[in-house]
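The values are calculated or read from the model by the stated rules, or taken from the named source; none is laboratory data. Values in this document were obtained by computation on a predicted structure and should not be read as measured data. Cβ placement follows ideal geometry from the backbone for every residue including glycine, while neighbour counts extend to all protein chains displayed.
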């Protein structure tokens, strides 16, 4: 891997961690698209999982007093079940289909609030959330908007939403690393960035997460949801265009 490619990954890790630090999502979607430009698809899943595991884990630590432990525990039940099934049937998507999945998922945030009555504070729905989000994470690689529809109807504050979603995503990304990382170990991590990239990207992800938390404190709950939808919609259009270009190119 060239120095410029490594530097690109490190920079993307910092910027996207800061964005996720503000909105609790969107940054992961950006990072996945950036990694897909420079890495093989299987390596994208593992590298994305490692960096997002750190970013989400640190975000959960920073906002730990806001984490809803009950939701996280129930989510874990569904997540483990989904990973157990996916470990036997996972098929690596092509680069074009990966961008297609990433382009479709953001538009889930525009589903009318009254159409789906989902609430992660309800025990059964928290388990379903864990299974569904982890399942999507293992196919499309990112599932922030899917996770979000389980939180828009909760009575949680924006800090509780960001903190609890971060804690749940630690589990989902860990499952992704396990499912896609095992085959890569057999070929000695072929396609993964070198160790120095992770050595720089991990602390910068933590720094970006902390910076995003400062911005989060200055946002109102209304602007929080408004800006999130705008960012996700723009990303969706960009990724759908990239998917179309790749499919046409064959």
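Of the residues 53, 4, only one is over 20 Å from residue 133 (Cα atoms) and out of contact with any strand residue (DSSP E or B) (no Cβ under 9 Å at 6 or more places or on another chain); which?
Of the residues listed, the single one that is over 20 Å from residue 133 (Cα atoms) and out of contact with any strand residue (DSSP E or B) (no Cβ under 9 Å at 6 or more places or on another chain) is 4.
Which of the residues spanning the stretch 1-35 are over 30 Å from residue 157 (Cα atoms) and within 14 Å of the chain's Cα centre (by Cα)?
34, 35
Within the group 46, 54, 41, which residue is surrounded by fewer than 20 Cβ atoms within 10 Å (Cβ to Cβ), in contact with a helix residue (DSSP H, G or I) (Cβ under 8 Å, 6 or more places away or on another chain) and touching a residue at least 12 places away in the same chain (Cβ under 8 Å)?
41 is the lone residue from the list that is surrounded by fewer than 20 Cβ atoms within 10 Å (Cβ to Cβ), in contact with a helix residue (DSSP H, G or I) (Cβ under 8 Å, 6 or more places away or on another chain) and touching a residue at least 12 places away in the same chain (Cβ under 8 Å).
Restricting attention to the stretch 215-250, report how many residues are farther than 18 Å from residue 142 by Cβ, in a helix (DSSP H, G or I) and in contact (Cβ under 8 Å) with a residue 40 or more places away in the chain.
Total meeting the criteria: 7.
I'm checking my understanding of the structure. Among residues of the stretch 1-36 that are at pLDDT below 90 and surrounded by fewer than 19 Cβ atoms within 10 Å (Cβ to Cβ), which one is nearest to residue 173 (Cα to Cα)?
Per the stated criteria, the residue is 1.
Could you tell me whether residue 100 is assigned to a helix (DSSP H, G or I), at pLDDT 85 or above and either within 28 Å of residue 216 (Cα to Cα) or in contact with a helix residue (DSSP H, G or I) (Cβ under 9 Å, 6 or more places away or on another chain) (or both)?
Against the criterion (assigned to a helix (DSSP H, G or I), at pLDDT 85 or above and either within 28 Å of residue 216 (Cα to Cα) or in contact with a helix residue (DSSP H, G or I) (Cβ under 9 Å, 6 or more places away or on another chain) (or both)), residue 100 qualifies.
More than 21 Å from residue 225 (Cβ to Cβ) and in contact (Cβ under 8 Å) with a residue 12 or more places away in the chain: which single residue out of 96, 143 fits that description?
Result: 96 is the single residue among 96, 143 that is more than 21 Å from residue 225 (Cβ to Cβ) and in contact (Cβ under 8 Å) with a residue 12 or more places away in the chain.
Just to be sure before I move on: is residue 108 surrounded by fewer than 19 Cβ atoms within 10 Å (Cβ to Cβ), modelled with pLDDT under 85, outside any helix (DSSP H, G or I) and out of contact with any strand residue (DSSP E or B) (no Cβ under 8 Å at 6 or more places or on another chain) in the structure I sent?
For residue 108, the condition - surrounded by fewer than 19 Cβ atoms within 10 Å (Cβ to Cβ), modelled with pLDDT under 85, outside any helix (DSSP H, G or I) and out of contact with any strand residue (DSSP E or B) (no Cβ under 8 Å at 6 or more places or on another chain) - is not met.
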